[in-house]
Ligand SMILES: [Zn+2]
Ligand SMILES: [Zn+2]
């Protein structure tokens with residue numbers, strides 16, 4: 001993969017391109033990103049500590065990205081591409097109030113998204 005564009009707001013990553021994702025305020029884990037299977041990853045979270053943050057990572061690509069209506073497949077706690085079973089990321093649900101994501105698999109270039117549950 002080529003160059004990576006990365007914007008992190010109120011968050012911290014254990015490694016440069018993947019691994020554990022932390023809330024930048026309370027340092028609890030909010031997710032885990034697999035290093036080598038995403039072309040892009042956007043994750044917005046509201047932590048149980050009250051703070052919100054986001055991770056936005058994008059590898060440059062010339063491939064055509066297709067929005068998929070399919071749901072990600074859940075294998076244990078890992079969300080995987082339903083087309084090729086590539087493991088993509090994990091959400092640490094117990095530490096966060098709500099979240100949304102958009103992730104593109106770098107095997108099939110399908111993009112999967114989930115919008116945040118509305119605050120009521
Ligand atoms: Zn927090
Ligand atoms: Zn895929």
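All of the numbers you see were taken from the coordinates with simple rules; none came from a lab. What you are looking at is a predicted structure, and each value in this text was computed from that prediction instead of being measured. Cβ coordinates were reconstructed from backbone atoms using ideal geometry, including for glycine residues, and neighbour counts include every protein chain displayed.
Below is a table of values for the structure above.
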{"item": "Sorted by Cβ density within 10 Å, fewest first, the residues 7, 103", "result": "7, 103"}
{"item": "Simple spin-label estimate for residue 54 and residue 15 in nanometres, 7 Å along Cα-Cβ", "result": "2.6 nm"}
{"item": "Ranking of 65, 96 by count of other Cβ atoms within 10 Å, fewest first", "result": "65, 96"}
{"item": "Fewest-first sequence of 46, 94 by Cβ atoms within 10 Å of each Cβ", "result": "94, 46"}
{"item": "Relative contact order for the chain, counting Cα pairs under 8 Å that sit 6 or more residues apart, in percent", "result": "27 percent"}
{"item": "Rg to Rh, two decimals, where the chain supplies the alpha carbon set and Rh follows Kirkwood", "result": "0.95"}
{"item": "Extension gain (nm, one decimal) between residue 78 and residue 61, 0.36 nm per residue minus Cα-Cα", "result": "3.7 nm"}
{"item": "Spatial separation of Cα centroids for region 64-86 and region 1-55, in angstrom", "result": "19 Å"}
